[in-house]
Amino acid sequence: MARHLITSALPYINGIKHLGNLVGSQLPADLYARYLRARGHEVMFICATDEHGTPAELAAAKTGEPVAEYCARMHGEQAELARGFGLSFDHYGRSSSPRNHVLTQHLAGKLAENGFIREVSEKQVYSNADGRFLPDRYIEGTCPNCGYDKARGDQCENCTKQLDPTDLIDPRSAISGSTDLEVRETKHLYLRQSALKGEIAAWIDSKTDWPILTTSIAKKWLNDGDGLQDRGITRDLSWGVPVKRGTEDWPGMEGKVFYVWFDAPIEYIAATAEWADANGRGEAEWRSWWRTDEGADDVTYTQFMGKDNVPFHTLGFPATLIGSGEPWKMVDYIKSFNYLTYDGGQFSTSQGRGVFMDHALEILPADYWRWWLLSHAPESGDSEFTWENFQQSVNKDLADVLGNFVSRITKFCRSKFGEVIPEGGEWGEVEQQLIADLNTRIAAYDAAMARTDVRKSASELRAIWVLGNEYLQAAAPWSTFKTDPEKAAMQVRLGLNLIRMYAVLSQPFIPFAADSMLSAMQTDLRDWPQDAGAALTALPAGHAFTVPEVLFAKISDESREEWAERFKGVRA
């Protein structure tokens, strides 16, 4: 048994996330966590809401709530949706937690102590109408690169160019819309990433097994143009982790908070401490996952994220941990994803375009979405969600292949032998060939899952389901029963055992349906099949079962058309 630490990129607090957010980090992380647990490993699966920064303040202002109350409410909503999708976090924390405050301030103090923080006086935009400095996202204007008129002060959403607020043409306050802005001097802390470039580069170079997407983004930021730049880690805001040097006040930094991208990754560690607090565990238990001098040297740490988060996890967060001089566990593998697009365009919260997590669960059970998203995960390039493809995939894979197999074998057995696994008959050549084929496919599935090859894993799992259907079609127990009831009993017994095996193998992808299959087979035997032959004798003759409800109802053309219309939003 190995120890695996898994973290998913933290979903931002400002609203319900769409399916692209889900498949870019949390869902594949859950797939991997469920797989590793099923294989008997010790897993710590951590996520949290990312609650600081300007968008949280802006979102709270729109609803009229104090920002702390808004974040608490949205954390509850996001946690509930995570449960609805079967995301099996060991802990779902909050970056606004006291644990994260203390740890962020501690690491900033260590960085300063080691000479990796510098104070910089810089010019920032001040809004006279709002009576405050306006950090990046509080400023909107026209992008100097592409002319998009709703570019933010940190990045243009349209062309993705990174910006400074002073780059914008015709800037205005995102709070009040006022153009009564002026540039004033303010002081901030910068993380001296440039001084750590050599160590970060050597660390990235040592990761020869990382996906090309991950390393190419990291090296681009590391080497392109002027190379790795120092980065501001404080902001003139009231909501966030107050700037302190460890437990001491930081002269000149009064009233400022740490930048959200500084404290958010630290929450991975803090959330593990929150897990210990919530479960009555001591300090030593969470530290054994994160401190290599206290037990974490045997931990394998895997991060899951969308490609837009890669720079912060390959450069910024590592710079914080390396620069602290403390023995923190560094990530071993970063699984990054491209984007999921929606029907020829982008998901858009403001335009109501695309399917969001709450609406998805309103119209269909979670496993329908889990299966489609994971089997179409945007690994080698962007993926596109279309309703036609979704309908086809659900109807063919889930209803016709898996659901149909379960329905046919259980109903046939009930009609001929009753709701009990029949005895009689011995395996023949056809069954031995099926077992050999299953062993080959299960080994391929195992290997794909172990290397987090999501789409390949889905393909192998579907192939395992197909083997059962092909066997059932060839064996035709309904015909065999007429001339050789004992042989038919053997075929049915094997088929019912296949249902249990399918449940075990499928639960990382479709956990709710897997539970239904096990419940129908009246067993909680979840041993991973090391050998298909042994696994297909797990449920003996005489074992009772029930015929389950329809596992997966087909999606009708009418429903597909209705949903396509409902979620198309306002097209630009």
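The values are calculated or read from the model by the stated rules, or taken from the named source; none is laboratory data. None of the values given here were measured: they were computed from a predicted structure. All Cβ positions, even for glycine, are placed from backbone atoms using ideal geometry, and neighbour counts span all protein chains on display. For the accessible areas, the whole protein counts, side chains as well, though only heavy atoms, and no ligand, DNA or RNA atoms are used. Shrake-Rupley method; radii C 1.70, N 1.55, O 1.52, S 1.80 Å.
Glu65 fulfils the conditions (1) part of a loop (DSSP other than H, G, I, E, B); (2) surrounded by fewer than 21 Cβ atoms within 10 Å (Cβ to Cβ); (3) in contact (Cβ under 8 Å) with a residue 24 or more places away in the chain except for a single criterion, (3).
Per the listing Ser121, Ser127, Ser95, the residue uniquely closer than 30 Å to Asp224 by Cβ, among the polar types (S, T, N, Q) and crowded, with 22+ Cβ neighbours inside 10 Å is Ser95.
Residues checked against (1) of a type outside the set (Lys, Arg); (2) at pLDDT below 95; (3) farther than 21 Å from Met305 by Cα; (4) not in a helix (DSSP H, G or I):
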| site | (1), (2), (3), (4) |
| --- | --- |
| Met1 | yes, yes, yes, yes |
| Leu10 | yes, no, no, yes |
| Gly24 | yes, no, no, no |
| Asp30 | yes, no, no, no |
| Val43 | yes, no, no, yes |
| Ala48 | yes, no, no, yes |
| Pro55 | yes, yes, no, no |
| Leu58 | yes, yes, yes, no |
| Ala61 | yes, yes, yes, no |
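Taking the range 505-528 as the range and being more than 21 Å from Arg414 (Cβ to Cβ) and surrounded by 20 or more Cβ atoms within 10 Å (Cβ to Cβ) as the test, the residues that pass are Leu505, Ser506, Gln507, Pro508, Phe509, Ile510, Pro511, Ala514.
Checking the condition assigned to a strand (DSSP E or B) and open to solvent by 40 Å² or more (accessible area, probe 1.4 Å), which residue from Thr300, Thr341 passes?
Thr300
Residues that are in contact with a helix residue (DSSP H, G or I) (Cβ under 7 Å, 6 or more places away or on another chain) and either surrounded by 17 or more Cβ atoms within 10 Å (Cβ to Cβ) or among the small types (Gly, Ala, Ser) (or both) occur at least once in the range 175-183.
For the range 473-503, the set of residues classified as open to solvent by 60 Å² or more (accessible area, probe 1.4 Å) and within 25 Å of Pro529 (Cβ to Cβ) consists of Gln473, Ala474, Lys487, listed by residue number. For the range 523-572, the candidate set comprises residues that are farther than 30 Å from Arg37 by Cα and among the basic types (Lys, Arg); within that set, the residue that is modelled with the lowest pLDDT is Arg571.
In the range 68-117, the residue that is farthest from Thr320 (Cα to Cα) out of those that are part of a helix (DSSP H, G or I) and polar (S, T, N, Q) is Gln78.
State all residues of the range 489-528 that are part of a helix (DSSP H, G or I) and of a type in the set (Phe, Trp, Tyr); if no residue qualifies, say none. Quick ask: steps written out before the conclusion?
Restricting attention to the range 489-528, the residues satisfying the condition of being part of a helix (DSSP H, G or I) are 489-506, 511-520.
Passing the criteria: Tyr502, Phe512.
For the range 308-338, which positions are within 12 Å of the chain's Cα centre (by Cα) and basic (Lys, Arg)? Listed by number, the list holds a single entry, Lys335. Would you please name the residue that is farthest from Gln78 (Cα to Cα), looking only at residues in the range 18-43 that are among the charged types (D, E, K, R) and open to solvent by 30 Å² or more (accessible area, probe 1.4 Å)? Of everything passing the filter in the range 18-43, Arg39 is farthest from Gln78 (Cα to Cα). No other residue among Gly533, Gly468, Gly495, Gly542 is in contact with a Phe, Trp or Tyr (Cβ under 6 Å, 6 or more places away or on another chain) and small (Gly, Ala, Ser) apart from Gly468. Glu51 is checked against (1) open to solvent by less than 10 Å² (accessible area, probe 1.4 Å); (2) in contact with a Phe, Trp or Tyr (Cβ under 7 Å, 6 or more places away or on another chain); (3) of a type in the set (Asp, Glu) and fails just one. What number does that condition carry? In the conditions (1) open to solvent by less than 10 Å² (accessible area, probe 1.4 Å); (2) in contact with a Phe, Trp or Tyr (Cβ under 7 Å, 6 or more places away or on another chain); (3) of a type in the set (Asp, Glu), Glu51 misses (2) alone. Within the range 380-407, the residues that satisfy the criterion of being within 27 Å of Phe567 (Cα to Cα), in a helix (DSSP H, G or I) and hydrophobic (A, V, I, L, M, F, W, C) are Trp387, Phe390, Val394, Leu398, Ala399. Within the range 409-434, residues that are at positive phi and open to solvent by less than 80 Å² (accessible area, probe 1.4 Å) reach partners that are of a type in the set (A, V, I, L, M, F, W, C) and assigned to a loop (DSSP other than H, G, I, E, B) with beta carbons closer than 8 Å, at six or more positions or on different chains, in the pairs Gly424/Ala541. Quick one: in the range 236-246, of everything that is open to solvent by less than 40 Å² (accessible area, probe 1.4 Å) and touching a Phe, Trp or Tyr at 6+ places or on another chain (Cβ under 8 Å), which residue is modelled with the lowest pLDDT? Among those residues, the one meeting the criterion is Asp236. Here Glu254 does not qualify as open to solvent by 40 Å² or more (accessible area, probe 1.4 Å), closer than 30 Å to Thr142 by Cβ and at pLDDT below 95. Pairing residues of the range 543-572 that are closer than 22 Å to Asn389 by Cα and outside any loop (DSSP other than H, G, I, E, B) with residues that are of a type in the set (D, E, K, R) and at pLDDT 95 or above, at Cβ distances under 9 Å and at least 6 apart in sequence or on separate chains, gives Arg560/Glu388; Ala564/Glu388.
Residue-by-condition table, conditions (1) of a type in the set (A, V, I, L, M, F, W, C); (2) out of contact with any Ser or Thr (no Cβ under 9 Å at 6 or more places or on another chain):
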position	(1), (2)
Arg231	no, yes
Gly246	no, yes
Trp261	yes, yes
Tyr268	no, no
Trp275	yes, yes
Gln303	no, no
Asp308	no, no
Leu321	yes, yes
Tyr339	no, no
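Among the residues of the range 149-166, those identified as touching a residue at least 24 places away in the same chain (Cβ under 8 Å) and not in a loop (DSSP other than H, G, I, E, B) are Pro165, Thr166. Set side by side, the residues Ala534, Ala503 differ, and just one is within 28 Å of the chain's Cα centre (by Cα) and among the small types (Gly, Ala, Ser), which is Ala503.
If you filter the range 210-222 down to residues that are touching a residue at least 12 places away in the same chain (Cβ under 8 Å) and farther than 14 Å from Gln303 by Cβ, you find that the one that is surrounded by the fewest Cβ atoms within 10 Å (Cβ to Cβ) is Lys219. For the range 36-93, a residue qualifies if it is touching a strand residue (DSSP E or B) at 6+ places or on another chain (Cβ under 9 Å) and of a type in the set (Ser, Thr, Tyr), and the qualifying residues are Thr49, Thr54, Ser88, Tyr92.
Looking at the range 205-216, is at least one residue in contact with a Leu (Cβ under 7 Å, 6 or more places away or on another chain), at negative phi and not polar (S, T, N, Q)?
Looking for residues that are in contact with a Leu (Cβ under 7 Å, 6 or more places away or on another chain), at negative phi and not polar (S, T, N, Q), one finds none in the range 205-216, hence no.
For Ala2, the conditions (1) under 22 Å from Trp275 (Cα atoms); (2) aliphatic (A, V, I, L, M); (3) buried (at least 21 other Cβ atoms within 10 Å of the Cβ) are fulfilled apart from (3).
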